[in-house]
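Beneath this line is the structure, given in structure tokens, with notes to follow.
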Amino acid sequence: MGTERFDILVRGELPPIIVEEFVGFDVVRTGSGSTHLLGTVPDQARLVGLLELLHGFDVEIESVTHVPGRDD
């Protein structure tokens, strides 16, 4: 896996300490009480690390979606 784009949907709002770890991600709060984290990760290890960070803060992950680019 090279650099790829993902949309991580989580329940609720995220505290600044977590948002700071998502450098380069767009953080979009929805009206339904969820937050989208949309951005690129350089490799699978970074993606897993971000998901583990969310888990460690007891953030409920609703979905993780690969966002295809032009070459996918």
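What to note about this one:
- 5 angstrom amide H check on VAL59, placed H, neighbours 5+ away: none
- Sites listed here are trypsin sites (Lys or Arg not before Pro) in the chain whose DSSP assignment is loop and whose Cβ has at most 13 other Cβ atoms within 10 Å: ARG70.
- When only Cα pairs below 8 angstrom with a gap of at least 6 residues are kept, the chain shows a relative contact order of 47 percent.
- Nonlocal amide H pairs with SER34, under 5 Å, H built at 1.01 Å: GLY12
- Once the Cα atoms are used to define both axes, helix 44-56 deviates from the longest principal axis of the chain by about 10 degrees.
- Computed about the Cα centre, the dipole magnitude for the chain is approximately 120 debye when only Lys and Arg (+1) and Asp and Glu (-1) carry charge, each at its Cβ.
- Derived scalar couplings between HN and Hα for the stretch 14-26 equal 9, x, x, 4, 7, 4, 4, 6, 9, 4, x, 8, 7 Hz in order, rounded to whole Hz, by the Karplus curve 6.51 cos²θ - 1.76 cosθ + 1.60 (θ = phi - 60°), x for Gly and Pro.
- The share of Cα pairs per 5 Å bin across the chain, counted from zero up to the longest distance, runs 3, 16, 30, 28, 15, 6, 2 percent.
Just so you know, all these numbers are worked out from the coordinates, no wet-lab data involved. Because the structure is predicted, anything quoted here is derived from the model rather than measured. Positions of Cβ are generated from backbone atoms using ideal geometry, with glycine treated the same way; all protein chains shown enter the neighbour counts.
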